[in-house]
């Protein structure tokens, strides 16, 4: 029998896909013994306790904030991702508060390019917190780079357009991610990317900055913006610097600055904080991509573009990548309207017709009919 929460829980259905640093091949090996769990589901309304059984599968990712396992929900047969986070007695209050902050952030975010939160479960016996999210079958972009090598500009363009659309939404919600990198961006089997692992994320204050009490040094050094390292206050533009670093990782196969062999993390951070030039960039990049990268690496945060600005850059606009990413966001928004949800509930066998209706509505709006 398992651990769980026996007080009020919230209910939504677990519909399957994952989170976190992923670098290993995903497999579906599930442990034979089911583990019963009382899941706190993220649906926005109270309901009575529901006992949900799930099986723990293979370890599919590890990171600073915990480990991620493949999971099988016994009731629905859905494949999910389960992030396991441990907390100690000594730091219990502080760590639980930090974990709760991540959960609250995840609960508030609903976007096709951000991993979907499904619920939580606390195991008091072992001092463990489980966060359930959708499982994204392709793994992380870092895992793709490990398997297939550096990515072409065509693939990078498609991924970056979606990343920027998701990041624009995130920043509109007054949230900054603070750990954008290839390991924290997941890819499904259709090439849709989802930003994951919000363990370092923070909400912004009314000035669009992290307040002084939250100026912790969080993230991965290779991807940190200078203002983060110097702890002089930072906001949305720190994520934009990390986007540039992630693009370099995609096109070169390794994190920025790595070829400088700076040795220790301290030496690396000192260099990033004080260097007046951007990370080394390969000569084979197109002019459009080179210009986008130079913009993301502006040391003056006032000159560094926002996510919405980058969506208009020639590299992202080319071949309709930005338009495609924005259209996917609009379709998802239409399908999440109360009317669309009611139609799906009333006509479960007519889902494709309802999806086509959403596409038709979007097309009509585009030409001014609606």
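The values are calculated or read from the model by the stated rules, or taken from the named source; none is laboratory data. What you see is a predicted model; the values in this text were computed from it and never measured. All Cβ positions, glycine included, derive from the backbone under ideal geometry; neighbour counts span all protein chains shown.
Descriptive notes on the structure:
- Of the criteria (1) at pLDDT 95 or above; (2) within 25 Å of residue 254 (Cα to Cα); (3) assigned by TED's automatic domain parsing to the domain that holds residue 238, which one residue 168 fails: (2)
- Residue 276 satisfies every condition listed in (1) in contact (Cβ under 8 Å) with a residue 12 or more places away in the chain; (2) surrounded by fewer than 19 Cβ atoms within 10 Å (Cβ to Cβ); (3) touching a helix residue (DSSP H, G or I) at 6+ places or on another chain (Cβ under 8 Å) except (3).
- Taking the stretch 170-197 as the range and being over 10 Å from the mean Cα position of the chain (by Cα) and part of a loop (DSSP other than H, G, I, E, B) as the test, the residues that pass are 173, 174, 178, 188, 189, 190, 191, 192.
- Any hit, the stretch 127-150, residues being surrounded by fewer than 22 Cβ atoms within 10 Å (Cβ to Cβ) and either closer than 20 Å to residue 326 by Cα or free of Cβ contacts under 8 Å to residues at least 40 places away in the same chain (or both): yes
- Those strands (runs of 3 or more DSSP E) of the stretch 32-83 in which 2 or more residues are at pLDDT 90 or above and either under 18 Å from the mean Cα position of the chain (by Cα) or farther than 18 Å from residue 124 by Cα (or both) occupy 51-63, 66-73.
- Candidates 366, 333 - the one that is outside the structural domain of residue 230 (by TED's automatic domain parsing), out of contact with any helix residue (DSSP H, G or I) (no Cβ under 8 Å at 6 or more places or on another chain), over 19 Å from residue 240 (Cβ atoms) and modelled with pLDDT of 60 or more: 333
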